[in-house]
Amino acid sequence: MRANASALFRATFGVAPRAAASAPGRVNLIGEHTDYNGGPVLPVACAARTFVAVGPAEPGVLEMISTRDGRVVRTDYREGQPAGWGAYVAGVMRELVALGAAPADGGARLAVASDVPVAAGLASSAALTVATAKALSLLAGVGLRPRQLAGVAFRAEHDHVGVRCGIMDQMSAALARPGRALLLECASLAARHIPVGGRLLLVDSGLRRELAAGSLNERRAECEAAVARLKLELPELRWLASWPAAWLPRLKRALPEPLRSRALHVVGETARARFGAQLLGRGHLKRFGELLYESHESCRRLYECSSPELDTIVAAARRAGALGARLTGAGWGGAVLVLLGTVEASSGKRATKVVAEIQRAFHSGYGREPPITVVRPSGGVRRERVV
Ligand code: GLA
């Protein structure tokens, strides 16, 4: 992929790129729909990455190509929003200009190569924006810290593209470490790296959803409406995730449906994610796995962000004896994370049984076998050699 981005750059623009960078997709272990509610998340970066090779262009001009669509998009990012993935790149460029970290003449050529699947719940947009921010800042000769890159990438997606996401995906793409999960408290942005002892599988339902299509924005509006009402009970409340877990009866009385269910998910998921991070850190995988099942149930019933395909996979994993399983990412399609146990204990029979049962159940419901891969927790954004 690294070579692909550089090679595509040369083949398209007839010159060598000047800088290159890459950033990973992510698989969230637990803490779903908590980030934009000021709660904790626990993602790992996956091995799939997005590579971006860059070089200079005329002032104000972006010329971009990706291995996925293979045609050059040319746009003046000062004038309007390009369609499709170019909007994310334009957002990054505008944010870098605002920071004084854009290439001197303000234009750039980019070639993108990626094996992060799009709209599969693996944060492909954050891999693109974080890698782009790093590559363009290198071209500008400005060293931005990983948290600054995450900020640029977040504002590109949130403010420019208009997806009302939280900060999890960009922070994971920027800060992740190999073999570790990132416990990120999204209100304070305090981060800790936690060793991942378990063996993880990812089952792709094949169902794709575009976040910009609205479900995420709708849920976020519901959470904001819940906070507005709960402020009558607790005026200093800023984040839904900060509602005291001991006050659930009061929360239930104060909110009508569906706000009640959404808020119950967020408060419960906040407690699960914090407890889950402790359990994972201490190697208590069995109890951690139970929390994953509980989290899925809460996403399904209270947050209503699951789908029959995802539920089929989770139920099959449970029947076959997996320690835990849940949808990962925004939901409404995408992928399921399965926890098998320690790497040593789960290499053999149990893994084979879980995989076979998931494939059997999915095939009998949907007539095809879902792709299943091993998740290898990887490192965050990095500079790449230009080849
Ligand atoms: C999407 C958003 C994230 C987060 C998840 C749900 O991936 O981009 O910020 O809200 O959904 O946990």
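Derivation of every value follows stated rules applied to the coordinates shown; laboratory data play no part. Just so it is clear, the model here is predicted, and its values are computed rather than measured. So basically every Cβ, Gly included, is an ideal-geometry build from the backbone, and we count neighbours across all protein chains shown.
Taking other residues whose beta carbon is less than 15 angstrom from the beta carbon of Arg71, and scoring Lys, Arg as +1 and Asp, Glu as -1, yields +1.
Say R0 is 35 Å: what FRET efficiency, to the nearest 0.05, do Asp76 and Ala47 get from their beta-carbon distance? Approximately 0.45, to the nearest 0.05. Say each of Ala187 and Ala83 gets a label point 7 Å from the Cα, pointing the same way as Cα to Cβ; how far apart are those two points in nm? Rounded to a tenth, the inter-label distance reads 4.3 nm. For Ala48, the amide hydrogen comes within under 5 Å of the amide hydrogens of Gly25, counting only partners 5 or more places away or on other chains and with H modelled in the peptide plane.
When peptides 175-181, 278-284, 244-250, 89-95 are sorted by average Cβ neighbour count within 10 Å, with the highest value leading, the order is 89-95, 175-181, 278-284, 244-250.
Around the amide H of Ala176, modelled in the peptide plane, lie the amide H atoms of Gly380, Val381, all under 5 Å away and 5 or more residues distant in sequence or on another chain. For Glu224 and Arg145, the FRET efficiency from 1/(1 + (r/R0)^6), where r spans their Cβ atoms and R0 equals 35 Å, is about 0.70. Listed by chain and number, the lysines whose alpha-carbon sits under 28 Å from that of Lys286, ignoring those within fewer than 8 places in the same chain, are Lys349, Lys353.
Summing charges over all other residues whose Cβ lies under 11 Å from the Cβ of Ala87, with Lys and Arg as +1 and Asp and Glu as -1, gives 0. Under the rule a/c < 1.5 gives rounded, and otherwise a/b versus b/c splits prolate from oblate, where does the range 136-191 land using the Cα gyration tensor? It is oblate, given that a/c is not under 1.5 and a/b is not larger than b/c. About the centre of its Cα atoms, the range 238-360 shows a dipole size close to 360 debye [charges on the beta carbon of Lys, Arg (+1) and Asp, Glu (-1) only; nearest 20 debye]. Here Asn217 and Arg238 are evaluated by their C-beta separation; at R0 = 22 Å the FRET efficiency comes out at 0.65. In terms of the mean number of neighbouring beta-carbon atoms within 10 Å, the peptides 291-301, 132-142 order highest first as 132-142, 291-301. Each Lys or Arg adds one and each Asp or Glu subtracts one; over the other residues with Cβ under 9 Å from the Cβ of Gly206, this totals 0. Compared with the direct C-alpha span, the chain from Glu304 to Ala245 gains 19.2 nm at full extension, assuming 0.36 nm per residue. A simple packing score, the average count of other Cβ atoms within 10 Å per residue, orders the peptides 161-170, 325-334, 55-64 as 325-334, 161-170, 55-64, with the highest score first.
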